[in-house]
Amino acid sequence: MTNRIFNFSAGPAVLPGDVLREAQQNLLALPGVGMSILEISHRSKPFEDILAGCEADLRALAGIPDGYKVLFLQGGASLQFSMVPMNILTSAGSADYVVTGAWSQKAVKEAKRVGGVKIAASTEAENFTRVPRQDELTLDPGAAYVHYTTNNTIFGTEFHYRPETGSVPLVADTSSDMFSGPIDVSKYALIYAGAQKNLAPAGLTLVIIREDMLARTPKSLPTMLQYPVHVENGSMYNTPPVFAIYVMRLVLAWLLRQGGLAAIEKVNQRKADTLYAEIDRTEFYKGHAAADSRSRMNVTFRLPSEELEKKFAKEATAAGLDGLKGHRSVGGIRASIYNAFPAEGVDALVQFMREFEKKNG
Ligand code: PMP
């Protein structure tokens with residue numbers, strides 16, 4: 001029996017133990033199929049059933065309305081930085097981007113290659129310690145869309161409100177908090193997420209797109225970059241990432257067994273509250289994010305010196321708490337506690353933090 005340690009990685013990230021066990025058990029032969037998911041054709045009935053089941057569970061979990069298409073793509077969230085503007089930013093117009101961290105900056109960079117970009121707000125001057133308030137957003141009523149990043153994986157901040165954009169379509173990169181709680185899909189024109197944090201292993205990107213957006217795609221785009229092509233072909237224009245989709249199917253079934261998105265949100269809130277309470281208990285640890293922008297998924301904090309931060313990460317790893325070193329652009333410590341991260345792991349980290357402070361504070 002392999003011992004599993006607590007994995008605080010920002011992504012690829014921890015998956016539910018039940019999911020891994022089921023995938024392992026069925027790896028040699030899918031029940032009733034006699035072949036591995038790694039071997040069967042994506043055009044086979046068993047895989048078609050897996051893909052259809054995935055979409056049905058996604059729709060059930062998030063209440064995705066009719067009038068929205070669900071796509072299973074590749075290229076990561078990073079390809080969506082390009083595909084979004086290529087498809088829905090008509091070259092004559094411009095789009096509004098809310099800049100709250102490194103990933104939104106990358107999204108801006110790609111959109112600028114395609115058309116006009118206006119920065120609706122940026123918190124860069126404050127080292128991305130918070131997300132802007134609605135009243136700080138400068139929105140162009142004629143914009144092609146408004147783009148924002150719901151959770152900033154690197155800085156550990158998260159929007160706790162959904163920007164109000166009137167009749168301008170809202171586009172969200174939800175890579176690091178997708179399905180961490182309920183999401184009202186009807187308020188968005190397009191949602192995308194790299195799956196490797198809360199939904200599946202790496203290699204799969206989820207896109208949810210409102211049908212009216214599909215009419216915007218220029219026919220001159222390369223085929224693989226056109227959303228309508230993937231819609232018309234049911235995400236099977238070419239070979240989809242079959243294994244990642246299979247594991248996502250297991251993760252969604254697991255999520256449903258947990259009671260769905262409202263139930264997992266309560267668990268996530270409790271885990272995050274526990275960790276932030278420990279950060280707030282002492283001056284030794286300092287949270288990076290402003291209190292009202294704190295992420296429930298990526299908890300970032302500093303120690304009194306970089307030496308202590310290095311020591312903390314090293315000793316934590318030795319104690320079975322892995323992946324806590326912060327992103328190189330922020331430094332410090334980052335604890336990623338996605339849906340599948342167990343509450344016992346948060347308790348273990350809090351215990352470790354107390355002991356570390358006692359010895360080094
Ligand atoms: N957006 C956010 C918010 C992310 O956290 C990441 C990856 N950490 C990306 C985009 C890029 O995703 P990918 O690696 O799937 O391209």
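Tally up the carbon and sulfur contribution to the accessible surface of the range 260-360 as a whole percent, 1.4 Å probe, everything protein left in place. Carbon with sulfur: 50 percent of the solvent-accessible area. Count Lys and Arg as plus one, Asp and Glu as minus one, and take only other residues whose Cβ is under 14 Å from that of Asp57; the net charge is then +1.
Could I get the Rg over Rh figure for the range 260-360? Both from C-alpha atoms, Rh via Kirkwood, rounded to two places. So for the range 260-360, dividing Rg by the Kirkwood Rh gives 0.95. For the residues Val171, Val229, Val146, a GNM of the chain with alpha-carbon springs under 10 Å puts the largest fluctuation on Val229. Counting pairwise Cα distances across the range 194-352, what percent come out greater than 26 angstrom? The calculated P(r) of the range 194-352 puts 45 percent of pairs beyond 26 Å.
For the chain, DSSP calls about 55 percent of its internal beta bridges antiparallel. Dividing the Cα radius of gyration of the range 126-222 by 2.2 N^0.38 Å, with N the residue count, gives 1.16. Starting from the amide H of Ser122, placed 1.01 Å from N in the peptide plane, find each other amide H under 5 Å away whose residue is 5 or more places distant or on another chain. The answer is Val99. Relative contact order of the range 18-258, taken over Cα pairs closer than 8 Å and 6 or more residues apart, is 26 percent. Kirkwood hydrodynamic radius computed over the chain comes to 21.3 Å, based on all pairs of distinct alpha carbons. Using a Gaussian network for the chain with springs between C-alpha atoms less than 10 Å apart, which of these wobbles most: Ser186, Ser78, Ser305? Judging by the Gaussian network model, the answer is Ser305. Hey, how many Å between the Cα centroid of the range 1-54 and the Cα centroid of the range 224-246? The distance from the Cα centre of the range 1-54 to that of the range 224-246 comes to 19 Å.
Using a 1.4 angstrom probe, figure out how much accessible area the chain has per residue, in square angstrom, rounded to the nearest whole.
For the chain, the per-residue accessible area is 43 Å².
Carbon-plus-sulfur fraction of the accessible area of the range 9-128, 1.4 Å probe, in percent? Carbon-and-sulfur percentage of accessible area, whole number: 53.
The values are calculated or read from the model by the stated rules, or taken from the named source; none is laboratory data. All values derive from a computational prediction rather than experimental measurement. We place every Cβ from the backbone using ideal geometry, glycine too, and count neighbours over all the protein chains shown. Surface accessibility is based on the protein's heavy atoms, side chains included, excluding ligands, DNA and RNA. Shrake-Rupley method; radii C 1.70, N 1.55, O 1.52, S 1.80 Å.
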